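The values are calculated or read from the model by the stated rules, or taken from the named source; none is laboratory data. The shown structure was predicted, so the numbers you read here are calculated from the model rather than taken from an experiment. Neighbour counts are summed over all protein chains in view; Cβ atoms, including those assigned to glycine, are modelled from backbone coordinates with ideal geometry. Surface accessibility is based on the protein's heavy atoms, side chains included, excluding ligands, DNA and RNA. Shrake-Rupley method; radii C 1.70, N 1.55, O 1.52, S 1.80 Å.
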Amino acid sequence: TIKSLLIFFYSKDGEIIREIKYMKEHHYFNNPEQLSNKIKQNIKIINSTNAGFGKSEYIKGIAQKNNKIYIYFPIGGEIKRDEIIERLLALNIDDNVLIHLDLQDTSKDDKIALMKDFLFNFLILGYYSKDDTVFYISNTIEIIIEIPNCFYSFLDKFPILKLFEIETITEANR
């Protein structure tokens, strides 16, 4: 089990620093330029200019095209840490998997904080935990994150997502 983690940064601001501040018992000292080289390259964000453009079908198609096992993992709304860890532990994951992380809107501040905590731990640190239960995710697993069309910018609400490649489905390319 991991009891501590040390990450070096060389800046006093940035998306990662803001996310770390949400973590309990955090301590930080601060380089986003070097961090961007360490960000997992197998994570991509899919959004669209309008609702109904087929983001989910597009992601399923990527899994089929690359002969990957497709795992759909919706998260959002009235989420609870217990439920997240239980659902993660129930997944049957090997190296030939594509996880479709379907982010759904949530409006309560405590749920937004939990979602930010999940995204940071799962996408950046490669694990998610509750008490002594830890779910680790391999660096070889491909993750495609679908973000919803909202009346606000989902990327502004969850700025950690801006660290990854973003592909937008438009009328012209769907």
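Side notes on the structure shown:
- When the stretch 136-155 is filtered for residues that are open to solvent by 20 Å² or more (accessible area, probe 1.4 Å), at pLDDT 85 or above and among the aromatic types (Phe, Trp, Tyr), only Tyr136 remains.
- The residues in the stretch 71-107 that are of a type in the set (Ser, Thr, Tyr) and either at positive phi or surrounded by fewer than 16 Cβ atoms within 10 Å (Cβ to Cβ) (or both) can be counted, and the count is 2.
- The numbered conditions (1) under 27 Å from Ile169 (Cα atoms); (2) at pLDDT 90 or above; (3) out of contact with any Pro (no Cβ under 9 Å at 6 or more places or on another chain); (4) aliphatic (A, V, I, L, M) are all true for Leu89 except (1).
The rows are residues; the columns are (1) assigned to a helix (DSSP H, G or I); (2) at pLDDT 90 or above.
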| residue | (1), (2) |
| --- | --- |
| Ile71 | no, yes |
| Ile85 | yes, yes |
| Thr106 | no, no |
| Asp110 | yes, no |
| Leu123 | yes, yes |
| Ile160 | yes, no |
| Glu171 | no, no |
| Arg174 | no, no |
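- Checked against the criterion of being open to solvent by 40 Å² or more (accessible area, probe 1.4 Å), among the hydrophobic types (A, V, I, L, M, F, W, C) and modelled with pLDDT of 85 or more, the stretch 27-49 has no qualifying residue.
- Candidates are the residues of the stretch 50-60 that are in a helix (DSSP H, G or I) and open to solvent by 30 Å² or more (accessible area, probe 1.4 Å); the one that is modelled with the highest pLDDT is Lys60.
- Condition check for Tyr22: of a type in the set (Ser, Thr, Tyr) and either modelled with pLDDT under 90 or over 17 Å from the mean Cα position of the chain (by Cα) (or both): yes
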